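One structure is given below, encoded as structure tokens.
The values are calculated or read from the model by the stated rules, or taken from the named source; none is laboratory data. None of the values given here were measured: they were computed from a predicted structure. Every residue, glycine as well, gets a Cβ built from its backbone with ideal geometry; the counts of neighbours run over all protein chains shown.
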Amino acid sequence: MNLIVCVDKNWGIGSEGQLLVHLKEDMKFFKEHTLGKVVVMGRSTLESLPKGEPLKDRTNIVLTHRQDFCKEGIIVVHDMEELLEELNNYDPDDVMIIGGASVYNEMMDMCDKLFVTKVEKEFFADTFIRNIDQNPNFKVVWTSEEMEEKGLKYRFYEYRRRRVEK
């Protein structure tokens, strides 16, 4: 499985149910990595998408504790066991975890690749993920050139799970 996220300097990802920043190149990066894939998200993340609609040209899986939740174009699961059972139907390389914080934090250690956009700014954030740089299970294998948009500097990073040497 894979994870894709945009974070600020403090590993903040959102404020009041919205992304901290919308960067054109980050949105392009997100689309390139998720198109044709299986995207896994929480209900709040789905509701934060434009018009609360599933992402086009992707298989959308929503994890929610709300038993009454249903929406056309969405596969709904209600707990981690049900989610993992559903994900057995797909190639793990095609699964992308896209948020929110509780889904990221719960599934991060199950992922092999993490695609992270790091914005070099501290925003007012009320939603955070664990600092991947402090996670000994992952190492950076690729970093983009520094980019700038809307006066914000950022880079794309790819982390990979460290393999245990025998």
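Checked against the criterion of being surrounded by 16 or more Cβ atoms within 10 Å (Cβ to Cβ), in contact (Cβ under 8 Å) with a residue 40 or more places away in the chain and among the polar types (S, T, N, Q), the candidates 2, 10 yield just one match: 2.
Taken together, 95, 119 contain a single residue that is in contact with a helix residue (DSSP H, G or I) (Cβ under 9 Å, 6 or more places away or on another chain) and closer than 22 Å to residue 47 by Cα, which is 95.
May I ask you to verify whether residue 71 is over 25 Å from residue 161 (Cα atoms), of a type in the set (D, E, K, R), at pLDDT below 95 and in contact with a helix residue (DSSP H, G or I) (Cβ under 9 Å, 6 or more places away or on another chain)? It is true that residue 71 is over 25 Å from residue 161 (Cα atoms), of a type in the set (D, E, K, R), at pLDDT below 95 and in contact with a helix residue (DSSP H, G or I) (Cβ under 9 Å, 6 or more places away or on another chain). Among the residues of segment 17-30, those identified as under 19 Å from residue 104 (Cβ atoms), out of contact with any helix residue (DSSP H, G or I) (no Cβ under 7 Å at 6 or more places or on another chain) and of a type outside the set (A, V, I, L, M) are 22, 26, 29, 30. Residues in segment 129-166 that are aliphatic (A, V, I, L, M), surrounded by 13 or more Cβ atoms within 10 Å (Cβ to Cβ) and closer than 15 Å to residue 109 by Cβ: 129, 132. Residue 82 passes all but one of (1) closer than 25 Å to residue 150 by Cβ; (2) surrounded by fewer than 20 Cβ atoms within 10 Å (Cβ to Cβ); (3) out of contact with any Phe, Trp or Tyr (no Cβ under 7 Å at 6 or more places or on another chain); which number fails? It is condition (1) that residue 82 fails.
Can you list residue pairs whose Cβ atoms sit under 9 Å apart, with the first residue in segment 140-158 being in contact (Cβ under 8 Å) with a residue 40 or more places away in the chain and the second being aromatic (Phe, Trp, Tyr) and assigned to a strand (DSSP E or B)? Count only pairs 6 or more apart in sequence or on different chains. Here the result reads 147/154; 147/156; 156/115; 156/142; 157/115; 157/142; 158/115; 158/142, each pair linking segment 140-158 to a residue that is aromatic (Phe, Trp, Tyr) and assigned to a strand (DSSP E or B). More than 22 Å from residue 28 (Cα to Cα) and surrounded by 16 or more Cβ atoms within 10 Å (Cβ to Cβ): is that true of residue 96 in this structure? Answer is no for this residue. Restricted to strands (runs of 3 or more DSSP E) entirely inside segment 117-166, those with at least 1 residues that are among the aromatic types (Phe, Trp, Tyr) and over 14 Å from residue 26 (Cβ atoms) are 138-143, 152-161.
Restricting attention to segment 99-112, the residues being under 15 Å from residue 37 (Cβ atoms) and crowded, with 19+ Cβ neighbours inside 10 Å number 3.
Which one is surrounded by the most Cβ atoms within 10 Å (Cβ to Cβ) among residues in segment 15-48 that are touching a Gly at 6+ places or on another chain (Cβ under 7 Å) and not hydrophobic (A, V, I, L, M, F, W, C)? The qualifying residue surrounded by the most Cβ atoms within 10 Å (Cβ to Cβ) is 45.
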